[in-house]
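Asker: Here it is: the structure, laid out below.
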Amino acid sequence: MKLLNKIRIMKFDLQKSILILQRTPAVLESLLRDLPDDWVMPNEGENTFSPFDVVGHLLHGEKTDWMARLRIILSDGPDKAFTPYDRFAQLEESRGKTINQLLDEFKALRAANMEVLMSISFQPADFDRTGIHPKFGPVTLRHLLSTWTVHDLSHIAQITRVMCKQYKEEVGPWIEFLPILTRY
């Protein structure tokens, strides 16, 4: 039997993005809270993130990236340039913390950011306003908010992929049916 799946491509919708952004802390909490280091500290090799690193990375983004760039885009100031984002800053910022501490910090900061985001009275034209990304040049608010949503989902997938690989050698012949262990 052949399965046919057709992906329906959505257009950006702030309320649909908020549904994902609000849930990310609870997903991470449910998946990672109180797990031993055997689950949260391994990564996939040099310059890759462990689940612990991913949570730290998401937390760093909450502090320095998404809302800061949103404010730049919505500002009336002449300088619309974004500060470059250090995607490895969490390695130092998370040092000495536990996964539970990172989860707590992320949950609190995401809640605060969602409160601010939902308090803004966006007009349709606001989503076409631009800022200047250091690599891509002009990007719209729609691009930023869509990327924030996909960024969360991609890191959730990354966390589960890294965790799955902890049992790669233990699944025996079932590896044939577990492409997450062999494709990436």
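No value in this document is a laboratory result; all are computed from the given coordinates. Worth saying up front: this structure is predicted, and the values here are computed from it rather than measured. Using ideal geometry, Cβ is built from the backbone for each residue, glycine included, and neighbour counts are taken over all protein chains shown.
Asker: Of (i) 16.2; (ii) 18.2; (iii) 16.6, which one was derived for Kirkwood radius over Cα pairs in Å from the structure shown?
Answerer: Matching entry in (i) 16.2; (ii) 18.2; (iii) 16.6: (ii).
Asker: Can you list which of the GluC sites (Glu not before Pro) found in region 94-184 are DSSP loop residues with at most 13 other C-beta atoms within 10 Å?
Answerer: Sparse-neighbourhood loop GluC sites (Glu not before Pro): E169, E170.
Asker: Okay, moving on. From the phi angles alone, apply the Karplus equation (6.51, -1.76, 1.60; θ = phi - 60°) to region 75-90 and give each ³J(HN,Hα) in whole Hz, x where the residue is Gly or Pro.
Answerer: My calculation for region 75-90 gives 6, 9, x, x, 8, 9, 6, 7, 6, x, 9, 8, 6, 10, 4, 5 Hz in order.
Asker: Here's something else I'd like to know. For region 86-142, rounded, prolate or oblate, judged on the Cα gyration tensor with a ≥ b ≥ c (square roots of eigenvalues), a/c < 1.5 rounded, else prolate if a/b > b/c?
Answerer: It comes out oblate by the Cα gyration axes.
Asker: How much length would be gained if the chain were fully extended between T130 and S154, taking 0.36 nm per residue of separation minus their Cα-Cα distance, in nm to one decimal?
Answerer: 6.2 nm
Asker: Then there is this: Through the Karplus equation 6.51 cos²θ - 1.76 cosθ + 1.60, θ set to phi - 60°, convert the phi angles of region 153-167 into ³J(HN,Hα) values in whole Hz; use x for Gly and Pro.
Answerer: Residue by residue, region 153-167 yields 4, 5, 6, 5, 4, 4, 4, 5, 4, 4, 5, 4, 5, 5, 10 Hz.
Asker: If you take the beta carbon distance between K165 and Q101 as r and set R0 to 25 Å, what does 1/(1 + (r/R0)^6) give as a FRET efficiency, to the nearest 0.05?
Answerer: 0.50
Asker: Further, regarding this structure: Along the charge dipole of the chain, Cβ charges K/R +1 and D/E -1, which of G96, Q158, T48 sits furthest on the positive end?
Answerer: About the Cα centre, the residue reaching furthest to the positive side is Q158.
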